[in-house]
Amino acid sequence: MNTCITSRRRLVRSAFACWPLAAWAASLGVGPNPAVAAGLEQAQMVKMLEEIDERQRNQGDWQSLAYIEQKEKNKVDVVYEALVFRRSQDQKFMIVFAKPKASQGQGYLRLDKNLWFYDPSVGKWERRTERERIGGTNSRRSDFDESRLAEEYDPEDSGQEKLGVYDAQVLTLKGKKGLDLAFPEIKLWVDKATLNVLKRQEFALSGRLLRTSYYPKWKKVYSESKKAEIWYPQEIRFYDEVEKANSTLILMKSVDLRALEPNLFTKAWLESRSR
Amino acid sequence: MRGLDTLSMLSRMALRNLRASRWKTLIVGGIIMGGAFLVVVGTSLLDSLDRSMSQSIIGSVAGHVQVYSAKSKDELTVMGSMDMEAADLDALDDFAKVRKTLMSVPNVKAVVPMGISGAIVTSGNTIDIELAKLRELVRQRQDGDLSAKTTQAYEAQKGHVRQIVQVLERDIANIKQLQDDSALPPEDEAAVHKAASAPFWAAFDETPLESLEFMENRLATLAADADMLFLRYMGTDPRVFSEAFDRMRIVDGQTIPPGKRGFLFSKYTYEEQVKLKTALRLDKIKKAIENRGATIATDPELARFVRENSSQVKELLLQLDQLETDVFRRKLQGLLESPETDVGKLLATFFDTNDETFPKRYAFFYEELAPSLDLYRVRIGDTLTIKAFTRSGYVQSVNLRVYGTFEFQGLEGSPQAGELNLMDMVSFRELYGFLTADRQKELDELKASVGARDVSREDAEDVLFGAPAEEASGGTVEASATGAVEAQAALAGLAGRLQRENMADRVYDPKNLEGGVVLNAAVILENAKEKDIERAIADIERVSQAQGVPLKAISWQKASGIIGQFVTLMRLVLYVAVLIIFVIALVIINNAMVMATLERVQEIGTLRAVGAQKRFILGMLLVEGLITGAVFGTLGVLLGAGLVAAVGWKGIPAFNDIATFFFSGPRFFPALATSNLVGALAIVFLVSLLSSLYPAYLAMRVTPRQAMQAEE
């Protein structure tokens, strides 16, 4: 076994030392390895998902400024600027809309198994579901949250494909039982060289394709809390497969990994923004 | 004079002939009489239905003519289309201009602004609702309202929430006792025990928001009675609307006062969607028993309602505080003569009704139990939050006070008309989210600040992954400085800028309604006969085009969508039925008269031998037919008229919702019109004439020689 995978934590801490990841990927069977022909073992795929998650996991607080743009047929484009807050420790999550003025102060707050929506103009909280389209766009809470693929899905090997100039390992992920997931099935195209997710397709229980997403740009920042770099997609493009003319663009304008206020992820905090 | 003499002679001969072949005359006459009877009754009923339904539709929401922007993609339907989606209409930016244009058209009496849209309203479950009430009271106290009234309400609500937690705790104990599979996960169970504990409530006043968050996140999810309402609503000027539409009637509460934001539930929606499910099921059982003669024993749907009511008592229990629970226990023990002390079990037994016990328990529910329950999830006077996705994509929420419920007289039982609720136009415009120039500018600036490129879905993979260039790389490694001042700045800017305002209390200037966006408008005419409506439609389109506000105008019948088509469809069905009946009658009459003519070959031949012309023979047969038609047709018409008059006097009771809709009310009173009588007689004469033509033609061809041969 390659030392890179004997200890996941060590691997991430010394990500550069082990670079290029191709060598590591080869050890998983995703590189030019004879094992590829026979497909990936279940354990290898689970490890692969864990690595994808781990590379993005901050193990601390996260704050980013996101630009969201939704295009729909015969409609004016919808644009938002939103602040995304996350806390890895207890998987708390919040989005607050900063622009435009009409949406300012509206927010989503995830606590335990609840996704709350707050609108300051009416001063009310509503419990929403994981399937809620954030601000009416084709993005979901999970698109802004930490990657938890290994915890939420069981992978299956779907072969390899060429995606533009990239060699991609394709995985089909089936949602684990008992979880309220936005999508019960996902197909993932992972760059074999870097383990960046390049493309993702999400399906309904019926098997119907709902959404195709592309992650063309990945960035990394150094996390003090993790003592390592973390990766995040700087650009995400969603194409609605039901309403074919609809698409959504998310740009992570900036990321800040410093510790957030302790009481940030509370209803009282979000309410206090508008009172 | 000669003509009259001839006619007199023809008539006498016809009468003699008809008497001679009495049975055949009676058969033919009977058919004619039946046909005339059917035409009178059928057309009277249909015309009456048409009149009452059109009055209902015109007088409720459609007006005589509906107008909307000629640039619209969809056709307007004010009462819902088959897919129940609001039509995609191009907004009319300036209602004042539209009204001015329409009022310049001759015969236009009034114009009512309108706009139809829909939104999903999610109410939390019973625990959510009760916790939200407590949160509001906590907020009030934290804002400095420590009045006795607020404190009392706060303490009472705290007591109620504590009772809810106790119900949950008892529920867990019951489930455990039954060793049911639906037992809660240990962490949820621990959460319930924590919230039911004395220390939790002792500390509540110190950190109320934290305690509330704990219960909202950990306990409220344990109740699964959350509702999702789909509300279809019409924005309008409530005063103008109620003046223009005389069929609108407030059932509970009051209309939206001028200048106020408000919401009126249609009674139909209020009952079907907002009412406590247990009560709604009881109502449905009662209705089915009374209207259809259904029984719980034989009707699977009613049996299901009974089962659901009996098994879903938690929703009721959560509504009760300690005092109310004790009252329920006592009352139910008395009625059921049971020593059981668990109110949940008593309620389950109470709702487990059969055909014998149902009437008494139904009455008991409404008289004894309902006064302690919230029968409606949203009560008159409550504030309703409607959250809608605007046309330009924003999520927009408004708070509206619910002022009451209304119905359209005659359309009470119609789901299409009944699903339309009303709100003030100012709120509608806000929810509709018409993009103002300022908003558009803000969006453009936001987009420009990012400068994102458009990538079409077809080119996405090529553009995004086509080259391993730095800018389009799936694996670009770019170290970035920690931190982002932009986010902090955006967040800092957010605080203090938002003002929470109780919009439901805000009064707007009614003049605001004059200008601004509407999607469509109803036009009420002075004179509204069919030809007046047609003329008005043409005039509106012509005038609006000339004045630069191109409008599309459609009749009430078209605007009312599938409802308006019902009358046309029914009329078509009746006409086809009448046509078929008369075609059959024509064949039978024709056949009988041909037979009669053949039997009279000798007589006709003799007449021809003594000099009767062919024209005379033709006349004789036609007069015979017409006399038969006149006598029996008149009899049929009189019988039909008598029946319509008798029914019209007493009225026909509506036996179900659909009948109520067709009858435009609980009873239907058909009325007789001259046109029905004249029309029936005209049809009878035409049929008599047509059915006499072929026998007359045969008779004309009879010669004296044929008559003599027939004798041989």
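In whole percent, what relative contact order does the stretch A:43-141 give with Cα contacts below 8 Å and a gap of six or more residues? That works out to 15 percent. Using the Karplus relation 6.51 cos²θ - 1.76 cosθ + 1.60 with θ = phi - 60°, the per-residue 3J(HN,Hα) values for the stretch B:100-110 come to 4, 4, 5, 5, 7, 7, x, 6, 7, 9, 8 Hz, with x marking Gly and Pro. What the Cβ-Cβ distance of B:Ala452 and A:Lys73 gives, at R0 = 22 Å and to the nearest 0.05, is a FRET efficiency of 0.75.
Scaled to the globular estimate 2.2 N^0.38 Å, the Cα spread of the stretch B:542-694, given as radius of gyration, is 1.62. Calculated on the alpha-carbon coordinates, the convex hull of the stretch A:49-99 measures out at 100 cubic angstrom per residue. Per-residue ellipticity at 222 nm from helix content only, as computed over chain B with -39500 (n - 2.57) for each DSSP H run of at least four residues, stands at -18000 deg cm²/dmol.
Across the protein chains, with a 1.4 Å probe defining accessible surface, the residues B:Glu603, A:Glu130 rank B:Glu603, A:Glu130 from largest area downward. Assuming R0 = 35 Å, can you tell me the calculated FRET efficiency for the pair B:Lys360 and B:Val573, based on Cβ-Cβ distance, to the nearest 0.05? That gives a FRET efficiency of 0.20. Taking the centroid of alpha carbons for each part, the stretch B:208-281 and the stretch B:27-100 are 29 Å apart.
The calculated P(r) of the stretch A:172-253, using every Cα pair and 5 Å bins from 0, goes 3, 13, 19, 19, 19, 15, 8, 3, 1 in percent.
How many angstrom lie between the C-alpha centres of the stretch A:94-147 and the stretch B:120-143? One Cα centre to the other: 18 Å. Stretching the chain fully between B:Arg535 and B:Asp74 yields a gain of 163.6 nm (0.36 nm per residue, less the alpha carbon separation). Solvent-accessible area lost on pairing A with B (1.4 Å probe, both sides summed) amounts to about 7100 Å².
The angle between the Cα long axis of helix B:561-599 and the main principal axis of chain B comes to about 20°, on a 0 to 90 degree scale. Of all lysines in the structure, the ones whose alpha carbon falls short of 17 Å from that of B:Lys267, not counting any fewer than 8 places away in one chain, are B:Lys275, B:Lys277, B:Lys284, B:Lys287. Sequentially through the stretch B:363-380, phi angles give Karplus couplings (6.51, -1.76, 1.60; θ = phi - 60°) of 5, 4, 4, 6, 7, 9, 9, 4, x, 8, 10, 7, 5, 10, 5, 10, 9, 4 Hz, Gly and Pro residues having no value and appearing as x. Dimensions of the protein assembly as shown along the principal axes, based on C-alpha atoms and rounded to the nearest Å, stand at 132, 76, 63, largest first.
Averaging over all projection directions, find the projected area of the Cα convex hull of the stretch B:1-156 and quote it in nm² with one decimal place. The orientation-averaged projected area of the Cα hull of the stretch B:1-156 comes to 25.3 nm². A 1.4 Å probe run over the protein chains yields, for the protein assembly as shown, 45 Å² of accessible area per residue, whole-number rounding. Here the stretch A:198-240 and the stretch B:538-578 have alpha carbon centers that stand 52 Å from each other. Residue by residue, the stretch B:130-136 carries 3J(HN,Hα) couplings of 5, 5, 5, 5, 5, 4, 4 Hz when phi is fed to the Karplus relation 6.51 cos²θ - 1.76 cosθ + 1.60 (θ = phi - 60°); x denotes Gly or Pro.
Subtracting the Cα-Cα distance of B:Glu243 and B:Leu146 from 0.36 nm times their residue separation leaves 30.5 nm of extension gain. Can you return the lysines within cross-link range of B:Lys158? Criterion is Cα-Cα under 17 Å, with same-chain partners fewer than 8 residues away left out. Straight-line reach from B:Lys158, under 17 Å: B:Lys133, B:Lys149, B:Lys194. The accessible surface of the protein assembly as shown, taken with every protein chain in place and a 1.4 Å probe, is 56 percent carbon and sulfur. For the stretch B:535-626, the square roots of the Cα gyration tensor eigenvalues, ordered a ≥ b ≥ c, give a/c of at least 1.5 with a/b no greater than b/c, which places it in the oblate category. On the principal axes of its alpha carbon atoms, the stretch A:116-274 extends 50, 41, 32 Å, with the longest extent given first. Listed by chain and number, the aspartates and glutamates whose C-alpha is less than 17 Å from the C-alpha of B:Lys71, apart from same-chain residues fewer than 8 away, are B:Asp88, B:Asp90, B:Asp93, B:Asp94, B:Glu541.
Normalised by the number of residues in chain B, the average gap of Cα pairs under 8 Å and 6 or more apart makes the relative contact order 29 percent.
Treat chain B as a sphere of radius equal to its Kirkwood radius over Cα pairs and apply Stokes-Einstein at 20 °C in a medium of 1.002 mPa s; give the translational diffusion coefficient in µm²/s, rounded to a whole number. This corresponds to a translational diffusion coefficient of 66 µm²/s. Eight or more residues apart or on different chains, and alpha-carbon atoms under 18 Å: count the Lys pairs in the stretch A:34-176 matching that. Total qualifying Lys-Lys pairs in the stretch A:34-176 comes to 5. Over all Cα atoms in the stretch B:210-365, the spread is summed up by Rg and Dmax: 20.0, 59 Å. For B:Val121, nonlocal amide neighbours, meaning residues 5 or more places apart or on other chains whose placed amide H falls under 5 Å from its own, are B:Leu229, B:Phe230, B:Leu231. With a Förster radius of 35 Å applied to the beta-carbon distance between A:Ser206 and A:Gln91, the computed FRET efficiency rounds to 0.75.
Summing Lys and Arg as +1 and Asp and Glu as -1 over all other residues whose Cβ lies under 12 Å from the Cβ of A:Gln160 gives a net charge of -2. Between helix B:208-218 and chain B there is an angle of about 50 degrees, using the helix long axis and the longest principal axis of the Cα atoms. Panel values: the stretch A:225-275, Kirkwood radius from alpha carbon pairs, Stokes-Einstein at 37 °C and 0.692 mPa s, translational diffusion coefficient 222 µm²/s. Remark: spin-label model distance B:Leu689-A:Tyr222 equals 10.6 nm, labels positioned 7 Å along the Cα→Cβ axis.
log10 I(q)/I(0), Debye, Cα-only the stretch B:275-340, no solvent, q = 0.11 Å⁻¹? Results for the stretch B:275-340 at q = 0.11 Å⁻¹ read -0.34. Summed over all non-identical Cα pairs, the Kirkwood treatment of the stretch B:56-131 gives a radius of 15.3 Å.
Against chain B, whose longest principal axis comes from its Cα atoms, helix B:485-494 is set at around 70 degrees.
Placing one equal scatterer on every Cα of the stretch B:85-213 and applying the Debye formula, the log10 ratio I(q)/I(0) at q = 0.10, 0.15, 0.17 Å⁻¹ is -0.59, -0.82, -0.96.
The values are calculated or read from the model by the stated rules, or taken from the named source; none is laboratory data. Small disclaimer: the values here were computed from a predicted structure and weren't measured. Cβ sites come from the backbone with ideal geometry, for glycine too, and all protein chains shown count toward neighbours. Accessible surface areas use protein heavy atoms only, side chains included; no ligands, DNA or RNA. Shrake-Rupley method; radii C 1.70, N 1.55, O 1.52, S 1.80 Å.
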